[in-house]
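Written below as C-alpha cells is the structure these notes are about.
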Amino acid sequence: MYHAVESDFEKVKEIFYLHKKWFPHIRTDYMRRMIAKKNLILENDVVITYNFYKRKQKIGDVQAFKGDCILHQIAAKGKGTASDVLQRFFKFVNLPPLGRRVYLSVRSDNEIAKNFYLRNDMKLIGKTSWAKGTLPGDVYVYNG
C-alpha cells in the first residue's frame, strides 16, 4: 500500500473536498497529521485514513481492543476503484500473524457507503452517534 507523503497533500485535499457533505469535519491540519504519521493511504485516487488502537476502546456500543484497526475515512475521486483498494487495505492490516479486526463508523443516513461496506464483506454490528446524540451512526467490522 502506498502511504501518502507531503507532496501528495493537494491530491488528498481534492479528494476529501469532493465529499464535503460526508466529511465536513476533515480539516487540512488533520490531513497533514495523518500523512506525517503514515496513516493515510493514497492509491488509484482513493484515500484511506486509519489508526490502530493502543488500548481497549468503545465505538458506540461496540468494544474494540488494543491492536484493532479503526478505518477513519475512505473517499474516492471516481467510481470503481474503491473496492479494490479497500480489499488490499484489509490484507495489509491483517497480514499474519496479526489478524486484526477493522472497524469503522458511518452516518446512518449514508446509504451509499453502508451498501459499499456490506458489498466488501463488512458486517453491521452496532450503533453510535455524534453531535451529542443528534447524528446517528452505524458501526461495521471486517473480521477477515
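Using just its DSSP H runs of length 4 or more, each adding -39500 (n - 2.57), the chain gives a mean residue ellipticity at 222 nm of -8000 deg cm²/dmol after division by all residues.
Accessible area per residue was computed with a 1.4 Å probe on protein heavy atoms; K21 scores about 140 Å². Of all DSSP beta bridges confined to the chain, the antiparallel ones make up roughly 95%.
Normalised by 2.2 N^0.38 Å, where N is the number of residues, the alpha-carbon radius of gyration of the chain equals 1.00. Largest GNM mean-square fluctuation among V93, V85, V12, using the chain with Cα springs under 10 Å: V93.
Using a Gaussian network model of the chain in which every pair of alpha carbons under 10 angstrom is joined by a spring, one finds that among G67, G133, G80 the greatest mean-square fluctuation is at G133. Comparing Cα centroids, the range 14-58 and the range 99-144 end up 16 angstrom apart.
Summed over the residues of the range 63-144 and divided among them, the accessible surface reaches 54 Å² per residue at a probe radius of 1.4 Å. Rg/Rh for the range 82-144 (Cα atoms only, Rh after Kirkwood) is 1.03. Run the accessible area of the chain with a 1.4 Å probe and give the carbon-and-sulfur part as a rounded percent. The computed percentage sits at 55. Here the spin labels are modelled as points 7 Å beyond Cα on the Cα-Cβ line, and at V62 and N143 they lie 1.2 nm apart.
Of the candidates K13, K123, K79, which one comes out as most mobile in a Gaussian network treatment of the chain with C-alpha springs shorter than 10 Å? Looking only at K13, K123, K79, the biggest GNM fluctuation is shown by K79.
The values are calculated or read from the model by the stated rules, or taken from the named source; none is laboratory data. Predicted model, so just to flag it, every value in this text is computed and none were measured. Cβ coordinates were reconstructed from backbone atoms using ideal geometry, including for glycine residues, and neighbour counts include every protein chain displayed. Quick note on the areas: whole protein, heavy atoms, side chains included, nothing else; ligands and nucleic acids left out. Shrake-Rupley method; radii C 1.70, N 1.55, O 1.52, S 1.80 Å.
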